[in-house]
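Here is the structure we will look at.
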Amino acid sequence: MKQPEPVQIIKQRRDATLQKLVSGVPYIQYLGIKIDRRGDELTAVLPFAERHIGNPMLPALHGGVTAAFLEVTAIMELSWAMIWEDMEAGKTTNDAPRFRLPKTIDFTVDYLRTGLPRDAYARARVNRSGRRYASVHVEAWQDNRSRLFAQATGHFLMPSRDD
């Protein structure tokens with residue numbers, strides 16, 4: 001009977017796979033976004049940077065940075081959900097996987113309050129994911145998870161699983 005893999009080996013493989021996914025998107029590095037994984041749950045972190053300020057008089061995070069942060073979070077969550085299914089089913093190999101990201105159909109952002117000059121966090125929830133289409137909801141907060149500063153809903157065209 002085959003011995004199960006040690007938990008640490010599985011964790012290292014999952015972390016390495018997530019790192020490959022994130023490093024394949026240059027815009028994530030440009031914005032400085034980090035992705036934190038706990039089990040199958042991802043939390044995106046946008047560390048504060050002076051260049052993210054849109055209105056220096058307030059100061060407030062630029063709306064475009066906020067929208068990009070939310071959209072990146074949604075795309076990473078969708079991609080990770082697809083990869084997670086394959087990993088859990090044993091369909092992945094140790095070779096460097098090639099990732100095709102979902103394409104945005106539409107993305108609607110609700111700016112609920114001013115994004116302050118500090119770190120921001122976001123989590124996405126996949127509402128529906130089929131072979132061709134997915135719907136995702138994203139929430140972003142700063143100091144208090146219950147006080148969102150932005151949220152978004154997006155629809156995405158999913159990449160073919162055959163590639």
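Of note:
- Set the Cα radius of gyration of segment 97-146 against 2.2 N^0.38 Å, with N its number of residues, and you get 1.45.
- 3J(HN,Hα) couplings calculated from phi for segment 82-87 with the Karplus curve 6.51 cos²θ - 1.76 cosθ + 1.60 (θ = phi - 60°) are, in sequence order, 5, 5, 4, 4, 5, 4 Hz; Gly and Pro show x.
- Taken over segment 18-82, the convex hull of the Cα atoms encloses 76 Å³ per residue.
- Rel. contact order, % - alpha carbon contacts under 8 angstrom, at least six apart, the chain: 22 percent
- Karplus-derived 3J(HN,Hα) values for segment 132-148, using 6.51 cos²θ - 1.76 cosθ + 1.60 with θ = phi - 60°, are 10, 9, 9, 10, 9, 10, 10, 10, 10, 9, 10, 8, 10, 4, 7, 10, 5 Hz; glycine and proline are entered as x.
- Rounded to 10°, Cα long-axis angle of helix 7-23 versus longest principal axis of the chain: 50 degrees
- If you run the Gaussian network model on the chain, springs between alpha carbon atoms under 10 Å, then out of 87, 57, 76 the most flexible one is 57.
- The alpha carbon convex hull volume per residue for segment 1-49 rounds to 76 Å³.
- Taking amide H atoms as placed 1.01 Å from N in the peptide plane, the amide H of residue 101 has no partner under 5 Å among residues 5 or more positions away or on other chains.
- Sequence-distant residues sharing a close amide H with residue 149 (under 5 Å, placed H): 140, 141, 142
- Annotation: amide H of residue 116 within the under-5 Å range of 61, sequence separation 5 or more or interchain, hydrogens built in the peptide plane.
- Centre separation in Å (Cα based) which lies between segment 26-56 and segment 105-128: 12 Å
- Couplings 3J(HN,Hα) for segment 116-131, derived from phi with the Karplus relation 6.51 cos²θ - 1.76 cosθ + 1.60 (θ = phi - 60°), are 7, x, 7, 4, 10, 10, 8, 9, 10, 10, 7, 7, 8, 9, x, 5 Hz, where x marks Gly and Pro.
Every read-out reported here was derived from the displayed coordinates using simple, explicitly stated rules and does not represent laboratory data. These numbers were taken from a predicted model, which means no experiment stands behind them.
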